[in-house]
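The next block holds one structure in the form of structure tokens; read it before the comments.
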Amino acid sequence: MKRNTLLVVVAVALATQLYAQKRVSPGIRAGVNLASLSNINADFKTDFYAGGILGINLGQRYTLQPELIYSRQGANNVLFSGEETGEPDRTENVTIQYLSLGVMNKFYLVDGFHVLAGPSLDLKIGKNFPRIDFDDEDYGGVDLGISLGLGYTLPIGLTFEGRFKTGMLDAFNNDYFLGLFDDPDDISLNRVFQLGLSYSF
């Protein structure tokens with residue numbers, strides 16, 4: 001018991017020292033998503049993302065930034081073929097909600113400008129597919145994402161940022177093929193442009 005208490009005290013002291021030295025900076029991040037899905041006939045969907053970040057300064061020009069972000073993605077005016085169901089073709093808006101755990105690598109260039117890149121694990125926590133009623137088990141699923149971006153950080157800790165993020169797994173869990181794809185072997189990947197702000201305390 002005493003050993004566990006000592007470990008907690010040491011961990012808190014270390015975290016406090018790092019924060020005091022500005023080695024660790026918590027913050028918030030939010031902005032606009034311009035999202036679509038590959039291999040389908042659809043328009044971009046405008047929505048939002050928001051969450052928390054933790055900047056860990058590991059060098060003069062390098063920061064490791066874990067993130068926990070809520071992100072609304074999908075596409076608008078998705079064309080659904082009625083060929084298999086005998087119904088007319090129609091369009092619907094598709095929304096997919098993710099809780100994204102990411103780890104960004106930020107490389108500072110000059111005077112606040114930086115490039116960033118990193119992976120994320122995106123947990124699907126909700127979705128709206130108006131065309132089809134899905135089994136409850138289909139409401140799960142994950143996506144693996146890769147983000148690339150540019151940003152500029154002001155001395156006060158405010159950052160202006162733009163990113164492009166692509167998914168690596170099928171957004172529809174490989175079972176949503178009613179006329180969406182030219183080839184049933186194709187998959188539909190998330191494609192998201194993110195424009196927003198972040199602020200580190």
I need two numbers for region 38-129: Rg to one decimal and Dmax as a whole number, Cα atoms only, in Å. 18.7, 63
Quick one: what are the phi-derived ³J(HN,Hα) couplings along region 65-71, Karplus 6.51/-1.76/1.60 with θ = phi - 60°, whole Hz, x for glycine and proline? 10, x, 9, 10, 10, 8, 9
Roughly how much of Asp89 is accessible, in Å² to the nearest 10, using a 1.4 Å probe? 100
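The values are calculated or read from the model by the stated rules, or taken from the named source; none is laboratory data. The structure displayed is predicted, hence computed values, not measured ones. For accessibility, only protein heavy atoms count, side chains too; no ligands or nucleic acids. Shrake-Rupley method; radii C 1.70, N 1.55, O 1.52, S 1.80 Å.
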